[in-house]
Amino acid sequence: MFLQGYLPSILDGTVLTLQLAGAALAASVALGLIGALFKSARSRLLVALAELYSTVVRGVPDLVWMFLLFFGVQMLINDVCGRLGWNSPEIDPFIAGVLTLGFIFGAYMTETFRGAMLAIPKGQQEAGLAYGMSPLRVFFRITLPQMVRFALPSFSNNWLVLVKSTALVSVIGLNDVMYRADAAKSATQEPFTVYVIVGLLFLAITGVSNLLLVLLEKRYSLGVKGSGL
């Protein structure tokens, strides 16, 4: 039997990896939008906080953040619960992976969305305000739709890197594709075959993602002079 029947387990792990990547993407987009708005704010404090977040997070390796946030937060919870006499809950690896990857890639999305916002002529936003629209409505009706087109190239790259970075979450015990591949490797003694299959699965995910994102870029570039699409 091929890989002693471990292939279905690896495929199940791939589904979990996709769920992890999708949830982490949602978290990173939310953080990225907040970070971009902070960087564009008039408050120096908000700008400084966003700059600190973006700079520090991007300057530390992803694996280090994975260990710091997972084990560090668990130790903090254990300490607080111990002082209060409570039983310490265990952090779920899936939730920890989503929050950690979301936190990391939120910094990259911050720069992506900020660059997209800067690419939009300020006159359009000023016209919306002059027309009587609230700042929030200007953002959702004028800024955000155009941000999508400007942000898509960098957003696409961030998504592809995020998908590959999900492989790191196996180190904190998540039963994802890499965790199951490691179990299959140990049982079958066929590490090359196992990791070739895992590599092909990631290649399939990124390949399909890239195709869909290219189509999305073309969709948002329709009617744009000089888009070349």
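Only the coordinates and a few stated rules stand behind these numbers; no lab work does. Computed from a prediction, not measured in an experiment: that's the story for all the values here. With ideal geometry, Cβ positions are generated from the backbone for all residues, glycine too; neighbour counts draw on all protein chains shown.
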For region 9-90: rounded, prolate or oblate by the Cα gyration tensor [a/c cutoff 1.5]: oblate
Could you let me know the centre-to-centre spacing of region 79-93 and region 1-76, using Cα atoms, in angstrom? 23
Against the longest alpha carbon principal axis of the chain, how many degrees, from 0 to 90 and to the nearest 10, is the axis of helix 93-118 turned? 30
If the elastic network links every pair of Cα atoms under 10 Å, which of 127, 24, 204 fluctuates the most in the Gaussian network model of the chain? 127
Angle between the chain longest axis and helix 44-59 axis [Cα atoms, degrees, rounded to 10]: 30
GNM on the chain, C-alpha springs below 10 Å: top fluctuator among 122, 39, 185? 122
With Cα atoms, 0 to 90° folded angle of helix 62-84 axis to the chain main axis: 80
Looking at 181, 166, 214, which one has the Cα that reaches farthest to the positive end of the dipole of the chain (charges on Cβ: Lys, Arg +1; Asp, Glu -1)? 214
Assigned charges on the beta-carbon of Lys, Arg, Asp, Glu; the chain dipole about Cα centre (debye): 1100
Magnitude of the charge dipole, region 40-113, Cβ model with Lys/Arg +1 and Asp/Glu -1, debye to 20: 320
To make sure I understand the rule: partners must be aspartates and glutamates, Cα under 15 Å from the Cα of residue 185, and not fewer than 8 residues away in the same chain. Which ones qualify? 176
Regarding region 119-223, what's the average projected area of the Cα-atom convex hull, expressed in nm²? 9.3
Pick from 52, 213, 11 the residue whose mean-square fluctuation is largest in a GNM of the chain, springs joining Cα atoms under 10 Å. 52
Packing-based exposure ordering (other Cβ within 10 Å, fewest first) of 154, 170: 154, 170
If unit charges are put on Cβ atoms (+1 for Lys and Arg, -1 for Asp and Glu) and the dipole of region 63-131 is taken about its Cα centre, the option from 88, 130, 100 lying farthest towards the positive end turns out to be 130
Roughly how many nanometres apart are two label points built 7 Å out from the Cα toward the Cβ at residue 189 and residue 203? 2.8
Segments 102-114, 60-72 sorted - mean Cβ within 10 Å per residue, highest first: 102-114, 60-72
Given axes a ≥ b ≥ c from the Cα gyration tensor, I'd like to know whether region 27-151 is rounded (a/c under 1.5), prolate (a/b larger than b/c) or oblate. prolate
Relative contact order (percent) for region 78-187, with alpha-carbon contacts under 8 angstrom and 6 or more residues of separation? 30
Roughly speaking, what is the stretch gain from residue 140 to residue 86, that is 0.36 nm per residue apart minus the C-alpha to C-alpha distance, in nm to one decimal? 15.0 nm
